[in-house]
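Asker: Sharing a structure here in structure tokens format.
The values are calculated or read from the model by the stated rules, or taken from the named source; none is laboratory data. Predicted model, so just to flag it, every value in this text is computed and none were measured. We place every Cβ from the backbone using ideal geometry, glycine too, and count neighbours over all the protein chains shown.
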Amino acid sequence: MIAHPCRTGSILAQTLWALLLPVALAQAQPYPSRPVRLVIQFGPGSSGDTMVRIVSSPLAETLGQPVIVDNRAGAGGMVAAELVRSAPPDGYTLLGGSSSTQVIRRFMARSMPFDPEKEFTPISQWIQSVATIVASPALPAATLKDLIAFARANPGKIAYGTSGVGSEHHLSGEQIKQITGIDMLHVPYKVGMQGLLDVAAGRLPIAFAIYAVALPQAKAGKVRILAVVREQRTPRLPDVPAVPEAVPGFEPPPSWVGLFAPASLPAALLRRISEANIKALSLPETRARLDQQGLDVIGSTPQEFAALIRRQSDLVGRIVKAADIQPLE
């Protein structure tokens with residue numbers, strides 16, 4: 001029996017409407033109409049958790065609904081990322097993700113269950129951490145240029161400490177080696193702070209260390225800060241050169257935390273969340289509290305953040321390939 005064309009069209013229309021009605025009703029509701037869940041990869045009480053909570057409070061004010069921080073540490077950030085990836089793109093489940101998970105991990109893992117660039121909607125880069133290169137006062141190098149000259153004259157005799165294989169600090173060290181042609185030995189630590197302490201104790205020539213933890217050692221005269229790992233100098237250390245001043249062509253590897261949503265977030269929701277986020281990060285109190293943590297506030301647009309991720313993914317891929325850094329897991 002052949003169905004009548006009009007009846008078939010009516011059935012299809014009813015089916016389509018039944019599928020679209022929940023979406024239409026959801027979009028008719030002003031966003032947000034209930035609390036927003038912010039999933040993060042940092043454990044409670046950690047520095048990352050503290051940073052996110054500094055942002056989540058003003059974000060809740062600008063959105064007009066509570067922002068509930070959900071700590072889901074584990075598997076190098078993958079537990080949190082997987083949870084948000086599988087959530088509906090309705091703006092009520094967001095991710096506070098780091099560059100280690102969203103960019104670096106795809107080059108350092110033998111397999112990835114998803115493509116971060118395809119399965120998340122970048123909303124904004126929240127902060128950029130400030131890293132430094134510190135040296136032992138006993139090392140005959142007062143500047144990064146001096147260090148490069150010393151390493152060139154003494155191949156294989158300089159070791160540099162980092163927070164681990166494939167970390168942004170390791171990528172920085174390998175990029176410096178690739179651009180300058182010097183030979184340095186990489187010493188990975190499970191805890192980056194230990195490398196700084198070994199430099200302060202004279203057991204290691206140089207190390208990469210976050211500004212906030214390096215500064216007290218520098219003020220005590222136990223280490224010398226040779227450079228900041230960023231494109232330009234930081235107002236925090238105006239007399240300390242940025243790495244590109246001694247290594248032209250150097251681009252800082254990713255070291256940030258940002259806001260993401262699941263893929264296919266509707267444009268209207270993306271715009272609403274982005275505007276609220278930028279407003280929250282622009283508040284003087286928010287900026288002051290993050291600055292006290294030694295963090296640079298960014299507050300980029302979705303377009304800027306997406307472009308940054310693409311550029312940094314290309315950078316990390318080139319460094320890893322040239323240095324032949326092998327996947328860890």
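Asker: Could you figure out which of (1) without any contact (Cβ under 8 Å) to a residue 60 or more places away in the chain; (2) surrounded by fewer than 19 Cβ atoms within 10 Å (Cβ to Cβ); (3) not assigned by TED's automatic domain parsing to the domain that holds F107 isn't true of Q303?
Answerer: (3)
Asker: Of all residues in the stretch 130-139, which are surrounded by 24 or more Cβ atoms within 10 Å (Cβ to Cβ) and touching a Phe, Trp or Tyr at 6+ places or on another chain (Cβ under 7 Å)? So that I can check it myself, show each step before the final result.
Answerer: Just the residues of the stretch 130-139 that are surrounded by 24 or more Cβ atoms within 10 Å (Cβ to Cβ), to begin with: 131-135.
Result: A131, T132, I133.
Asker: Same structure again: For A242, work out the one condition from (1) surrounded by fewer than 21 Cβ atoms within 10 Å (Cβ to Cβ); (2) touching a Leu at 6+ places or on another chain (Cβ under 9 Å); (3) modelled with pLDDT of 95 or more it doesn't fulfil.
Answerer: (2)
Asker: Just one of L259, L265 is buried (at least 24 other Cβ atoms within 10 Å of the Cβ), in contact (Cβ under 8 Å) with a residue 12 or more places away in the chain, among the hydrophobic types (A, V, I, L, M, F, W, C) and over 22 Å from S163 (Cα atoms); which is it?
Answerer: Values: L265 fails: buried (at least 24 other Cβ atoms within 10 Å of the Cβ).
That would be L259, the only listed residue that is buried (at least 24 other Cβ atoms within 10 Å of the Cβ), in contact (Cβ under 8 Å) with a residue 12 or more places away in the chain, among the hydrophobic types (A, V, I, L, M, F, W, C) and over 22 Å from S163 (Cα atoms).
Asker: Being among the aliphatic types (A, V, I, L, M) and part of a helix (DSSP H, G or I) is the filter here, so list the residues in the stretch 76-133 that pass it. Explain how you work it out, then say what you get.
Answerer: Our first condition is that a residue be among the aliphatic types (A, V, I, L, M); within the stretch 76-133, this holds for 78-81, 83-84, 87, 94-95, 103-104, 108-109, 112, 123, 127, 130-131, 133.
M78, V79, A80, A81, L83, V84, V103, I104, M108 - these are the residues of the stretch 76-133 that are among the aliphatic types (A, V, I, L, M) and part of a helix (DSSP H, G or I).
Asker: Could you grab me the full set of residues in the stretch 74-86 that are out of contact with any Lys or Arg (no Cβ under 8 Å at 6 or more places or on another chain) and either modelled with pLDDT under 95 or over 26 Å from H170 (Cβ atoms) (or both)?
Answerer: Taking the stretch 74-86 as the starting set, the residues that turn out to be out of contact with any Lys or Arg (no Cβ under 8 Å at 6 or more places or on another chain) are 74-75, 81-82, 84-86.
Once the filter is applied, which keeps residues that are out of contact with any Lys or Arg (no Cβ under 8 Å at 6 or more places or on another chain) and either modelled with pLDDT under 95 or over 26 Å from H170 (Cβ atoms) (or both), the stretch 74-86 yields G74, A75, V84, R85, S86.
Asker: Any residue in the stretch 172-195 that's part of a helix (DSSP H, G or I): show its pairings with residues that are among the polar types (S, T, N, Q) at Cβ separation under 7 Å, as long as the two are six or more apart or on different chains.
Answerer: G173/T162; G192/T162; G192/S163; G195/T162
Asker: Consider the stretch 214-235. How many of its residues are without any contact (Cβ under 8 Å) to a residue 60 or more places away in the chain and not polar (S, T, N, Q)?
Answerer: Applying the first criterion (without any contact (Cβ under 8 Å) to a residue 60 or more places away in the chain) to the stretch 214-235 yields 216, 219-220, 231-233, 235.
Next cut, not polar (S, T, N, Q) only: 216, 219-220, 231, 233, 235.
Residues flagged as without any contact (Cβ under 8 Å) to a residue 60 or more places away in the chain and not polar (S, T, N, Q) within the stretch 214-235 amount to 6.
Asker: From R110, R85, grab the single residue that is surrounded by fewer than 23 Cβ atoms within 10 Å (Cβ to Cβ), touching a helix residue (DSSP H, G or I) at 6+ places or on another chain (Cβ under 7 Å), in contact (Cβ under 8 Å) with a residue 40 or more places away in the chain and of a type outside the set (A, V, I, L, M).
Answerer: Numbers: R110 fails: touching a helix residue (DSSP H, G or I) at 6+ places or on another chain (Cβ under 7 Å).
Only one candidate passes the filter, namely R85.
Asker: All but one of (1) polar (S, T, N, Q); (2) under 30 Å from P216 (Cβ atoms); (3) crowded, with 17+ Cβ neighbours inside 10 Å hold for Q292; state the number of the condition that does not hold.
Answerer: Unmet for Q292, out of (1) polar (S, T, N, Q); (2) under 30 Å from P216 (Cβ atoms); (3) crowded, with 17+ Cβ neighbours inside 10 Å: (3).
Asker: Return the residue satisfying two criteria in turn: it lies in the stretch 306-329 and is over 17 Å from the mean Cα position of the chain (by Cα) and among the charged types (D, E, K, R), and of such residues it is surrounded by the most Cβ atoms within 10 Å (Cβ to Cβ).
Answerer: Step by step, filter the stretch 306-329, then rank; the result is R318.
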